[in-house]
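**Q** Before I ask anything, let me first share the structure, which is written out below as structure tokens.
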There are 2 protein chains.
Amino acid sequence: MNSGEFRRRGKEMVDFVADYLEGIERRQVYPDVEPGYLRPLIPTTAPEEPDTFEDILNDVEKIIMPGVTHWHSPYFFAYFPSANSYPALLADILCGAIGCIGFSWAASPACTELETVMMDWLGKMLKLPEAFLAGQGGEGGGVIQGSASEATLVALLAARTKVVRRLQAASPGLTQGAIMEKLVAYSSDQVVATLGTTSCCSFDNLLEVGPICNKEDMWLHIDAAYAGSSFICPEFRHLLNGVEFADSFNFNPHKWMLVNFDCSAMWVKKRTDLIGAFKLDPLYLKHGHQDSGLITDYRHWQLPLGRRFRSLKMWFVFRMYGVKGLQAYIRKHVQLAHEFERLVHQDPRFEVCAEVTLGLVCFRLKGSNKLNEDLLERINKAKKIHLVPCHLRDKFVLRFAICARTVEFAHVQWAWEHIRQLATDLLRAEKD
Amino acid sequence: MNSGEFRRRGKEMVDFVADYLEGIERRQVYPDVEPGYLRPLIPTTAPEEPDTFEDILNDVEKIIMPGVTHWHSPYFFAYFPSANSYPALLADILCGAIGCIGFSWAASPACTELETVMMDWLGKMLKLPEAFLAGQGGEGGGVIQGSASEATLVALLAARTKVVRRLQAASPGLTQGAIMEKLVAYSSDQVVATLGTTSCCSFDNLLEVGPICNKEDMWLHIDAAYAGSSFICPEFRHLLNGVEFADSFNFNPHKWMLVNFDCSAMWVKKRTDLIGAFKLDPLYLKHGHQDSGLITDYRHWQLPLGRRFRSLKMWFVFRMYGVKGLQAYIRKHVQLAHEFERLVHQDPRFEVCAEVTLGLVCFRLKGSNKLNEDLLERINKAKKIHLVPCHLRDKFVLRFAICARTVEFAHVQWAWEHIRQLATDLLRAEKD
């Protein structure tokens, strides 16, 4: 395929994608397929000779789409949102075409520098303490990781390296092995200090945990994977109070800030803590500026060596929405969650099971776990909407998460009427 | 931005990207900017109100492009290739729009199933032993990781879990800690068994290492990050002989197989080895089919929880090039490396420092390391081409890697004349 054909096919793909997203609400949110559906539909080996683009695009509709769970349908209320916006899609096209692998400053200076500045922009939007920002000569700074799990692992390894060095400096006779044996990582029952858990969006109390960590010289990592995006709204920023005690902080713009996956934002107060743990300097990655102290080589901040130009997505999204647009988006989702909560409260058969702080409502039918498992099964078998459950203090609970960019009150209201109807059917069947 | 505006802007972006790639050879391959260049060019905070798309696209040319190292310029001969093709760009647009997070089969069945089948297609293209394929009821199978580093870490953790369980089964009194203390990971001086090292593309002898590992019940992980793509050509497949002794095998289609980053292909002989090490089953990720034994939940195969629909890129590339097209692409790059090798041999001032097997030529001026460091500095300061060095047995060596999809003999020949001219200037300056 030459660039001329790409111009043509690329535009067809843009239309295909726009058609898909425009019409997504008419597709069944959860697919009908059974495990193993796809293999018989395609050849057992790659073709020797090229297929045409028309064939492939037809197969997308015929073979792929019937097996897709439509995360961006306004009837998708499962898990947590996965970001998807037009500005991010546009940026990703550019990112793919530039196709640089920004493991060092020299490997593509713009890739590194835009990331540093975008992480400062985002840190300021969250009103993170100055110590987390890179600025012109700060000791902290931000980095884009692939996922919150990676950020947690990076923080854990950095913390371990730091404490080993500290103890070895104090007692030069201690071996690394002897120290590692004694190390303990504390976590809550949802892992590390968490703002906005996946199950029910609960919040750890940083103002209690933080000072203890600081006093005991323990690394404090805070994970706000989902909730973090909301902190750009002044009315939710208090949920982040205590972040000043942390050594590292992470949240996922690829969840709730319209920046397509992957884009997990991580900040540290001392970038030397990360670099110390991961430094990798083979000759083929050295460059003239690296010992100047002026530059960032992001390969020392992460597990993989390679990295895409992901900050372009942040830049496009922040600029095309503006901070006000992003705030409005968060507020709309939170408001929809409260509208759903209000609807649940109006039906005495149901109960709300956790405080609704952001975009998640945990609810259930008053009654046994079995009853609620049956209700969820009916909901997900009907495939008009899609939900997943969680356990809260041994209770089986349904999670209603506001997810899609395009979800409106009408969708929420329709979903609730649908759930009520299925509950009525279930309760009647139970009686018979 | 609504879908109507996306149609318009998306098409502009397609043209922008096609213009960029068409004209890339007229851009200076390595940028002129100094560290810190970007920050003063953009505001210190995100805008409150939205910017226009025109402003942003103008800024891409004004602010981003001057700081880009053009990895896809036919004058880029540094590191290793980073894949970039039109079919992969098209697939990535679709991947972004579907925007599913395929951590479980249920989270998007097509995302999981296409990946399993594409990894079988690719395994067959490489003539991997049957044991590595998923097939209809195999015990092995493939998974897309983000990078070779992640694949290595996954293999290491799986190996550790496996040996701990084996030893604990044999001696139930042993604690995990006591076992871990005694574990050893063997590696070559380039880490794990490697086919095609980064420095000079050398190959470990699997036929020697493999039987020892099998006899001693040691996990053997093979990393062929760069070289792996070449094994689709029958004439290079012998380099993979011995893979039958391995427990896991990995290479990066995102390097040399035209599938844009990230796409690191990893296979295991026993998928239960991975799942045993990483299994994560909170209630909100459970689904009806998961205990049927029929399905794959890829979150158990990797470190992060989330994952994109990356197999679409493989599907588009394999189908739009066909196996023959991919083989022709590999062969062309290898041939260009040999043409460069031939040119180097013709100039008695230079020597070739390692066997040229695939697309990399290691060469130097006969003489001191200092002389070669000076030559490389002149090359990279001139910014007409871009190279990086390596150390081979204490010698400072220049690496000439065939990288860009569009590189032709004329570019290689021009690069060589340029290098020769700079060498002549350098040697003359040394004399004076």
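**Q** Is there any pair with a first residue in region A:78-98 that is closer than 21 Å to A:CYS111 by Cα and a second that is crowded, with 24+ Cβ neighbours inside 10 Å and of a type in the set (Asp, Glu) whose Cβ atoms are under 8 Å apart and which are 6 or more apart or on different chains, and what are they?
**A** Partner pairs satisfying both residue conditions: A:ASP92/B:ASP92; A:ILE93/B:ASP92; A:GLY96/B:ASP92.
**Q** Do you know which of the residues in region B:203-255 that are more than 20 Å from the chain's Cα centre (by Cα) and among the aromatic types (Phe, Trp, Tyr) is modelled with the lowest pLDDT?
**A** Across region B:203-255, the extreme among qualifying residues is B:TRP219.
**Q** Okay, next question. Can you tell me how many residues in region A:6-30 are in a helix (DSSP H, G or I) and either among the hydrophobic types (A, V, I, L, M, F, W, C) or within 7 Å of another protein chain (Cβ to nearest Cβ) (or both)?
**A** Let us first name the residues in region A:6-30 that are in a helix (DSSP H, G or I), namely A:6-26.
Then drop every residue that is not either among the hydrophobic types (A, V, I, L, M, F, W, C) or within 7 Å of another protein chain (Cβ to nearest Cβ) (or both), which leaves A:6-7, A:9-11, A:13-18, A:20-22, A:24.
The total comes to 15.
**Q** Select, from A:LEU183, A:LEU206, A:LEU195, A:LEU153, the only residue that is in contact (Cβ under 8 Å) with a residue 40 or more places away in the chain and within 14 Å of chain B (Cβ to nearest Cβ). Steps first, please.
**A** Details: A:LEU183 fails: in contact (Cβ under 8 Å) with a residue 40 or more places away in the chain; A:LEU206 fails: within 14 Å of chain B (Cβ to nearest Cβ); A:LEU195 fails: within 14 Å of chain B (Cβ to nearest Cβ).
That would be A:LEU153, the only listed residue that is in contact (Cβ under 8 Å) with a residue 40 or more places away in the chain and within 14 Å of chain B (Cβ to nearest Cβ).
**Q** Now, a different point. For region B:290-309, give me each residue that is facing chain A (nearest Cβ under 10 Å), assigned to a loop (DSSP other than H, G, I, E, B) and in contact with a helix residue (DSSP H, G or I) (Cβ under 9 Å, 6 or more places away or on another chain).
**A** Pass one, region B:290-309, residues facing chain A (nearest Cβ under 10 Å): B:290, B:292-296, B:299, B:302-309.
Those left that are additionally assigned to a loop (DSSP other than H, G, I, E, B): B:290, B:292-296, B:302-309.
Within region B:290-309, B:ILE295, B:THR296, B:GLN302, B:LEU303, B:PRO304, B:LEU305, B:GLY306, B:ARG307, B:ARG308, B:PHE309 qualify.
**Q** For region B:389-432, what are the residues that are assigned to a strand (DSSP E or B) and not charged (D, E, K, R)?
**A** The first filter runs over region B:389-432 and keeps only residues assigned to a strand (DSSP E or B), leaving B:389-392, B:395-401.
Hits for region B:389-432 are B:PRO389, B:CYS390, B:HIS391, B:LEU392, B:PHE396, B:VAL397, B:LEU398, B:PHE400, B:ALA401.
**Q** What tally of residues in region A:276-302 results from selecting those that are at pLDDT below 85, within 24 Å of B:PRO304 (Cα to Cα) and not aromatic (Phe, Trp, Tyr)? Don't jump to the end; show me each part of the working.
**A** Start the filter on region A:276-302 by keeping residues that are at pLDDT below 85, which leaves A:276-295.
Filter again for within 24 Å of B:PRO304 (Cα to Cα), leaving A:276-280.
Now restrict to residues that are not aromatic (Phe, Trp, Tyr): A:276-277, A:279-280.
Residues in region A:276-302 being at pLDDT below 85, within 24 Å of B:PRO304 (Cα to Cα) and not aromatic (Phe, Trp, Tyr): 4 in total.
**Q** Looking only at region A:375-394, how many residues end up being within 11 Å of chain B (Cβ to nearest Cβ) and either under 24 Å from the mean Cα position of the chain (by Cα) or surrounded by fewer than 16 Cβ atoms within 10 Å (Cβ to Cβ) (or both)?
**A** Narrowing region A:375-394 to residues within 11 Å of chain B (Cβ to nearest Cβ): A:376-377, A:380-381, A:386-392.
Filter once more, so that each one left must be either under 24 Å from the mean Cα position of the chain (by Cα) or surrounded by fewer than 16 Cβ atoms within 10 Å (Cβ to Cβ) (or both): A:377, A:380-381, A:386-392.
Residues that pass the stated criteria total 10.
**Q** Listed residues A:LEU90, A:LEU94, A:LEU133, A:LEU114; which is out of contact with any Pro (no Cβ under 6 Å at 6 or more places or on another chain) and either within 21 Å of A:ALA227 (Cβ to Cβ) or small (Gly, Ala, Ser) (or both)? Write out each step before concluding.
**A** On the way: A:LEU90 fails: either within 21 Å of A:ALA227 (Cβ to Cβ) or small (Gly, Ala, Ser) (or both); A:LEU94 fails: either within 21 Å of A:ALA227 (Cβ to Cβ) or small (Gly, Ala, Ser) (or both); A:LEU114 fails: either within 21 Å of A:ALA227 (Cβ to Cβ) or small (Gly, Ala, Ser) (or both).
Sole residue among the options that is out of contact with any Pro (no Cβ under 6 Å at 6 or more places or on another chain) and either within 21 Å of A:ALA227 (Cβ to Cβ) or small (Gly, Ala, Ser) (or both): A:LEU133.
**Q** Which numbered condition trips up A:SER229, out of (1) touching a residue at least 60 places away in the same chain (Cβ under 8 Å); (2) in contact with a strand residue (DSSP E or B) (Cβ under 6 Å, 6 or more places away or on another chain)?
**A** Of everything listed in (1) touching a residue at least 60 places away in the same chain (Cβ under 8 Å); (2) in contact with a strand residue (DSSP E or B) (Cβ under 6 Å, 6 or more places away or on another chain), A:SER229 misses just condition (2).
**Q** Okay, moving on. Collect the residues in region A:41-52 that are buried (at least 17 other Cβ atoms within 10 Å of the Cβ) and either in contact with a Gly (Cβ under 7 Å, 6 or more places away or on another chain) or more than 7 Å from chain B (Cβ to nearest Cβ) (or both), keeping them in residue-number order.
**A** The answer is A:PRO47, A:PRO50.
**Q** For region A:223-270, name all the residues that are within 14 Å of chain B (Cβ to nearest Cβ) and either in contact with a Cys (Cβ under 6 Å, 6 or more places away or on another chain) or on the phi > 0 side of the Ramachandran plot (or both).
**A** Once the filter is applied, which keeps residues that are within 14 Å of chain B (Cβ to nearest Cβ) and either in contact with a Cys (Cβ under 6 Å, 6 or more places away or on another chain) or on the phi > 0 side of the Ramachandran plot (or both), region A:223-270 yields A:PRO253, A:HIS254, A:LEU258.
**Q** Continuing with this model, one more query. Taking the conditions exactly as written (over 23 Å from A:TYR75 (Cβ atoms) and modelled with pLDDT of 90 or more), does A:PHE309 satisfy them or not?
**A** On the way: over 23 Å from A:TYR75 (Cβ atoms): yes; modelled with pLDDT of 90 or more: yes.
Taking the combined requirement at face value, the residue satisfies it.
**Q** Could you list, in sequence order, all residues of region A:205-231 that are buried (at least 20 other Cβ atoms within 10 Å of the Cβ) and within 29 Å of A:VAL397 (Cα to Cα)?
**A** A:LEU206, A:HIS221, A:ILE222, A:ASP223, A:ALA224, A:ALA225, A:TYR226, A:ALA227, A:GLY228, A:SER229, A:SER230, A:PHE231
**Q** For B:THR194, state whether it is part of a loop (DSSP other than H, G, I, E, B) and either acidic (Asp, Glu) or under 17 Å from B:SER264 (Cα atoms) (or both).
**A** On the way: part of a loop (DSSP other than H, G, I, E, B): no; either acidic (Asp, Glu) or under 17 Å from B:SER264 (Cα atoms) (or both): yes.
No: the conditions fail for B:THR194.
**Q** Got at least one residue in region A:349-363 being surrounded by 21 or more Cβ atoms within 10 Å (Cβ to Cβ), away from every other protein chain (no Cβ under 14 Å) and in a helix (DSSP H, G or I)?
**A** No, there is no match, as no residue in region A:349-363 is surrounded by 21 or more Cβ atoms within 10 Å (Cβ to Cβ), away from every other protein chain (no Cβ under 14 Å) and in a helix (DSSP H, G or I).
**Q** Can B:ASP120 be described as of a type outside the set (Gly, Ala, Ser), surrounded by fewer than 24 Cβ atoms within 10 Å (Cβ to Cβ) and modelled with pLDDT of 95 or more?
**A** The answer is no for B:ASP120.
**Q** Every residue in region B:393-432 that is among the charged types (D, E, K, R) and either more than 18 Å from B:GLU25 (Cβ to Cβ) or touching a Leu at 6+ places or on another chain (Cβ under 6 Å) (or both), please.
**A** Filtering region B:393-432 for residues among the charged types (D, E, K, R) gives B:393-395, B:399, B:405, B:408, B:417, B:420, B:425, B:428, B:430-432.
Hits for region B:393-432 are B:ARG393, B:ASP394, B:LYS395, B:ARG399, B:ARG420, B:ASP425, B:ARG428, B:GLU430, B:LYS431, B:ASP432.
**Q** Quick one: would you say A:LEU312 is within 30 Å of B:ALA148 (Cα to Cα), of a type in the set (A, V, I, L, M) and either within 12 Å of chain B (Cβ to nearest Cβ) or surrounded by 19 or more Cβ atoms within 10 Å (Cβ to Cβ) (or both)?
**A** Numbers: within 30 Å of B:ALA148 (Cα to Cα): yes; of a type in the set (A, V, I, L, M): yes; either within 12 Å of chain B (Cβ to nearest Cβ) or surrounded by 19 or more Cβ atoms within 10 Å (Cβ to Cβ) (or both): yes.
Yes; evaluated as a whole, the condition is true for this residue.
**Q** Among the residues of region A:94-132 satisfying the criterion of being among the charged types (D, E, K, R) and either assigned to a helix (DSSP H, G or I) or under 14 Å from B:VAL68 (Cβ atoms) (or both), which is farthest from the other protein chains (Cβ to nearest Cβ)?
**A** Residues of region A:94-132 among the charged types (D, E, K, R): A:113, A:115, A:120, A:124, A:127, A:130.
Within this subset, residues satisfying the condition of being either assigned to a helix (DSSP H, G or I) or under 14 Å from B:VAL68 (Cβ atoms) (or both) are A:113, A:115, A:120, A:124, A:130.
Working: A:GLU113: 4, A:GLU115: 10, A:ASP120: 8, A:LYS124: 5, A:GLU130: 13 Å.
Result: A:GLU130.
**Q** For region A:156-180, what are the residues that are touching a residue at least 24 places away in the same chain (Cβ under 8 Å) and either exposed (fewer than 13 other Cβ atoms within 10 Å of the Cβ) or charged (D, E, K, R) (or both)? So that I can check it myself, show each step before the final result.
**A** So the first thing to find is which residues in region A:156-180 are touching a residue at least 24 places away in the same chain (Cβ under 8 Å), and the list is A:156-163, A:165-166.
A:ARG160, A:LYS162, A:ARG165, A:ARG166 - these are the residues of region A:156-180 that are touching a residue at least 24 places away in the same chain (Cβ under 8 Å) and either exposed (fewer than 13 other Cβ atoms within 10 Å of the Cβ) or charged (D, E, K, R) (or both).
**Q** Hey, among B:ASP51, B:ASP92, which residue is under 22 Å from the mean Cα position of the chain (by Cα) and acidic (Asp, Glu)? Don't jump to the end; show me each part of the working.
**A** On the way: B:ASP51 fails: under 22 Å from the mean Cα position of the chain (by Cα).
One residue alone meets the criteria, B:ASP92.
**Q** Can you name the residue in region B:71-93 that is assigned to a loop (DSSP other than H, G, I, E, B) and in contact with a Phe, Trp or Tyr (Cβ under 6 Å, 6 or more places away or on another chain) and is also nearest to the other protein chains (Cβ to nearest Cβ) among such residues?
**A** First pass over region B:71-93, keeping only residues assigned to a loop (DSSP other than H, G, I, E, B): B:71-75, B:77-85.
Then keep just the ones that are in contact with a Phe, Trp or Tyr (Cβ under 6 Å, 6 or more places away or on another chain); that gives B:77, B:80-82.
Numbers: B:PHE77: 12, B:PHE80: 9, B:PRO81: 10, B:SER82: 5 Å.
If we take residues in region B:71-93 being assigned to a loop (DSSP other than H, G, I, E, B) and in contact with a Phe, Trp or Tyr (Cβ under 6 Å, 6 or more places away or on another chain), then B:SER82 is nearest to the other protein chains (Cβ to nearest Cβ).
The values are calculated or read from the model by the stated rules, or taken from the named source; none is laboratory data. Everything numeric in this text was worked out from a predicted model, so none of it was measured. In this analysis, Cβ positions are derived from the backbone assuming ideal geometry, glycine residues included, and neighbour counts consider all displayed protein chains.
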